[in-house]
Amino acid sequence: MQSNTAQLIKLTDYEETPYVIETVSLVFKLHAEATEVVSTLSLHPRARTPAGTALELDGDELKLLSIKLNGTPLEDDAYDAAPDKLVVHNPPTEPFKLEITTQINPAANTRLMGLYLSDGIYCTQCEAEGFRRITYYYDRPDALSVFTTRIEADKASNPILLGNGNPQETGRIDGTDRHFAVWHDPHPKPAYLFALVAGDLTCISEKYTTASGKPVDLNIYVEKGNEQRAGWSMDSLVRSMRWDEKTFGREYDLDVFNIVAVSAFNMGAMENKGLNIFNDKYILANSETATDLDYEGIETVVAHEYFHNWTGNRITCREWFQLCLKEGLTVFRDQEFSSDERSRPVKRIADVVRLKSRQFPEDQGPLSHPVRPTEYKEINNFYTATVYDKGAELVRMIKTILGADGFRKGMDLYFERHDGDASTIEDFIKCFEEANDTDLSHFSLWYHQSGTPHLKASSSYDEAAKTFTLELEQTTPATPGQPEKEPFFIPVRFGLVGPNGEDIAYSKAEGARVDGDLLCLTERKQTVVFHGIGSKPVPSLLREFSAPVKLEAGLNRHEQIFLMRHDIDPFNRWQAAQTLMSEMLIEMTNGDIPAGKDAFISALANMAEDENLDHAFRGFGLMLPSEKDIALEIGKDVDTDAIGAARDAFAKEIGASLYDTFERIYSAIEVSETFSPDAASAGKRSLKLRCLYYMAASGIEGSAALTKAHFDAADNMTDRMGALNLLVTWNLEGAKDGLQAFEKRHQGTALAMDKWLSIAAGAPNEDAVSTIRTLTEHPAFSWDIPNRVYSLIGGFLGSNTRGFHKADGSGYDYLAEITLHLDKNNPQVASRLVKSFGSWKNMNAERRVKAKAALERILNADQQLSTDVKEIVERCLD
Ligand code: PHE
Ligand code: ZN
């Protein structure tokens, strides 16, 4: 067995390319097993490139058919061609043309990178390094070039031929059954934004006119028969385009904007210039197959990819270490869009739930890395929650610190100054500094220093002096490669809540930079004294979750309940409830009976019934922290069975003591008869289902029948899936019937059956692994389609905490087995799954031994591991 010795890539090694590719003209002769790609590059050396410097282009599993320089075939000794590299020795010192012909096999491309076939449709995926699987090229984001693409294919099976940019000409190829289309993209772009699609597709279309009056044709292409399910995506696209004009002054810049949905796709979607390619999960929706969460996800992802046109495409990254420059910023933009379209506090809660459940665990384990990393072996491993979601939090903090106007000024300068550039985080920060005449150097540490800071607060009140003193201390635990930590610049939004629930105004604050409701911490420990405080307040800290830190608020249960009832910041009302639940669940896990439980439960009832709050917020308020969240909070020597048992017991107790309340809320909410995915209707459905969750947990007579009735009466996927999940989770009578009925109804609709797979995978059960094994034999499952794998295996790893971390190690063994299995065909998918080992060091000794052995088994397996999997496993074991 050949061992994999991938290079460590370092930020400090960055160098410009010695040659510039001015234009590239591509001809694709599409055939399933032998596609020919002719690439003609116009090149010139940079002024400082020494004469004779070799031209080295990237490749990956390529076969070179021919190579010509200025029209003449190159002599054998003038170049070296390997599958992963093309070297041209001694290129001309004057501008020259290189014509490279390669042959590739789309049908055999199981990695879904480069050009591949998905359900008979040719499509490409080039980010991050997929273009080198098509032709030899400078496959790096700072090599910007103008692309022209000619696509040739059989006309009957591929009536639709799509490329980047604007359509030029189409026609038949004489004497054959083939036709062609030529596309030209006037905007210079890196190869990772290249795309083509060919297949038998149908589309829905709309005409859009930009703010300055430019007409744009919008098309969403789907497999025939799915066009009825693309309407919501189109609606989301149009709203995104308007929003970006209004909010950031950014308009679209081509004559057409095309989106294509495919079923085999590793990630969510891809922002290729003028030709976004989507995982069909983020395009297709109707009430029968999609949940409210799916509708929300589609809106978000359509917006996200569209917003990349400015943040990512017009301004791209210098190298992949700068990934957060486009991703963190674009996530921030899509979050803001959804907040404006829906309820801002509810969206904020949803985003923080996501951050805490995905990014916090990453940042507190062996896979922790800075938002802008400085080294990697496989860039695909860095499309992480840290780069995306923490990256978005950093942009949000800049806005918090500078205010809305200052933020907009910085963004305007960024767009103006860097349009057409391959940029860096330093360039980005500098725009905010210059536009606001301020210094963000301390703040920038957030990009370089990894780990989740811990913020500990304590306070005291001096009645005689009318002062309130707040002590704040930050510590950041060591993370891989960073044993010592500097204090961060932490913006803390706050209020001092008086006995009547209103914020108390202070006359003066000393000890930190405090401005209105914003306090900026800059040191390890700071004491802030507020003057003119007439009565003892309860501090409400980190309102709106103003910084991605773990807060220990230093409040007693009574004070937390007070905030839960009265804080004017809805986010902190929710947070207070979460903190209380989390604390109590940990005590119950340890076998203790939590103090103040009854008071908490009655506050929870009040929050659930409060008609002044919107339904979605009340639904979130009732949400118990997940078993995974609690495991992370405990942090070491975790026994997942004890957590699961405590959480089940708590749900049952809340359900039993508030049964009448839940029943009342449940019956009072009326959802309009015709389905609508709008936020208000979705909120109603979610609160109803949350009430049903507790009723189903209670075990009270009639609750199982009520849950089954909800399932049977459901006329949309949200209710059907929600109720089925409860039947299965609480193992109620009707679960088996429900699973069968669901299967019968949705067999043949892959995206709906994914939900069925994930429900079955998430259910706690004695022998989870054999359940999963059996399901891998089900016709709805396939190892080759990432969505199927993410639903079944991802559902098991992500939601079945007791099953995956089972003390006998069966979950760990199974993950090792499937990682090795998947790695042979699709390393990116294998690597995403194997990241679930990231929490192993937090487990108790019994589990740690098993997890370590499973990780070692992967590393020592008798097969060549991909760089993707090897890097993750090594970091886990480090
Ligand atoms: N750039 C895509 C996005 O976030 C994600 C992606 C990365 C897709 C790599 C495919 C491959 O919008
Ligand atoms: Zn993105």
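Every number here is computed from the coordinates shown, using simple stated rules; none is lab data. This structure is a prediction, so every number in the text was calculated from the model and none was measured. Here the Cβ is made from the backbone with ideal geometry for all residues, glycine too, and neighbour counts use every protein chain on show.
Here are the numbers:
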item: Whole-angstrom gap from the stretch 142-203 to the stretch 684-759, using each part's C-alpha centre; result: 45
item: Selection of trypsin sites (Lys or Arg not before Pro), the stretch 582-691, meeting DSSP coil and at most 12 other Cβ within 10 Å; result: 636
item: Distance from the stretch 281-329 to the stretch 408-465 (C-alpha centre basis), Å; result: 24
item: Interchain or long-range residues, amide H under 5 Å from residue 63's placed H; result: 103
item: Sequence-distant residues sharing a close amide H with residue 309 (under 5 Å, placed H); result: none
item: Cross-link pairs beyond the 28 Å C-alpha cut-off, checked among 97/870; 10/835; 356/485; 399/755; 155/755; result: 97/870; 399/755; 155/755
item: Cα-based shape type of the stretch 315-447, given that a ≥ b ≥ c are square roots of the gyration tensor eigenvalues and the cut on a/c is 1.5; result: oblate
item: J(HN,Hα) series, the stretch 215-231, from Karplus relation 6.51 cos²θ - 1.76 cosθ + 1.60, nearest Hz, glycine and proline x; result: x, 9, 8, 9, 9, 10, 9, 9, 5, 4, x, 9, 4, 5, 9, 9, x
item: Sites residue 740 and residue 536 - FRET efficiency at Förster radius 51 Å, r taken between beta-carbons, to 0.05; result: 0.30
item: Between the stretch 795-860 and the stretch 59-104, the Cα center-to-center distance that results, in Å; result: 43
item: Low-density loop cleavage sites - GluC sites (Glu not before Pro) in the stretch 62-170, where at most 15 other Cβ are within 10 Å (DSSP); result: 75
item: Cα→Cβ-extended label distance, 7 Å offset, between residue 172 and residue 251, nm; result: 4.1
item: The stretch 1-80: trypsin sites (Lys or Arg not before Pro) in DSSP coil with no more than 13 other Cβ atoms inside 10 Å; result: 46, 48
item: Computed helical MRE - 222 nm, the chain, DSSP H runs ≥ 4 contributing -39500 (n - 2.57), nearest 500; result: -12000 deg cm²/dmol
item: Neighbour-count ranking [beta-carbon atoms within 10 angstrom, fewest first] of 407, 711; result: 407, 711
item: Two-site label geometry, residue 486 and residue 598: point separation in nm, points 7 Å out along Cα→Cβ; result: 5.3
item: Full-stretch length increase - residue 462, residue 207 - with 0.36 nm per residue and alpha-carbon distance subtracted; result: 85.3 nm
item: Residue 502-residue 877 pseudo-label distance in nm [points 7 Å out on the Cα-to-Cβ vector]; result: 6.4
item: Amide hydrogen neighbours beyond the local backbone of residue 317, cut-off 5 Å, H modeled; result: 423
item: Relative contact order computed over the chain (Cα-Cα under 8 Å; 6+ residues apart), in percent; result: 9
item: Shape of the stretch 135-210, Cα gyration tensor, a/c cut at 1.5; result: oblate
item: For the stretch 185-195, 3J(HN,Hα) per residue [Karplus equation, 6.51 cos²θ - 1.76 cosθ + 1.60, θ = phi - 60°, Hz, x = Gly/Pro]; result: 10, x, 8, x, 8, x, 5, 5, 9, 6, 7
item: Ranking of 405, 235 by count of other Cβ atoms within 10 Å, fewest first; result: 405, 235
item: Efficiency of FRET from Cβ geometry, residue 439 and residue 678, R₀ 45 Å, rounded to 0.05; result: 0.55
item: Contour excess over end-to-end distance, with Cα ends at residue 357 and residue 709 and 0.36 nm allotted per residue; result: 123.5 nm
item: Computed E for residue 733/residue 844 - FRET, C-beta separation, R0 45 angstrom, nearest 0.05; result: 0.85
item: Dipole magnitude (debye, nearest 20) for the stretch 22-199, charges at Cβ of Lys, Arg, Asp, Glu; result: 320
item: Value of relative contact order over the stretch 454-554, rounded to a whole percent, pairs C-alpha under 8 Å and six or more apart; result: 39
item: Highest-first arrangement of 192-198, 588-594, where packing means the average Cβ count within 10 Å; result: 192-198, 588-594
item: Table column - 3J(HN,Hα) (Hz), the stretch 763-776, Karplus curve with 6.51, -1.76, 1.60, x for Gly and Pro; result: 6, x, 7, 3, 10, 4, 4, 6, 4, 5, 3, 4, 5, 5
item: For the stretch 168-265, share of DSSP beta bridges that run antiparallel, in % to the nearest 5; result: 70
item: Options 355, 42, 753, ranked by Cα towards positive dipole end of the chain, top entry (Cβ charges); result: 355
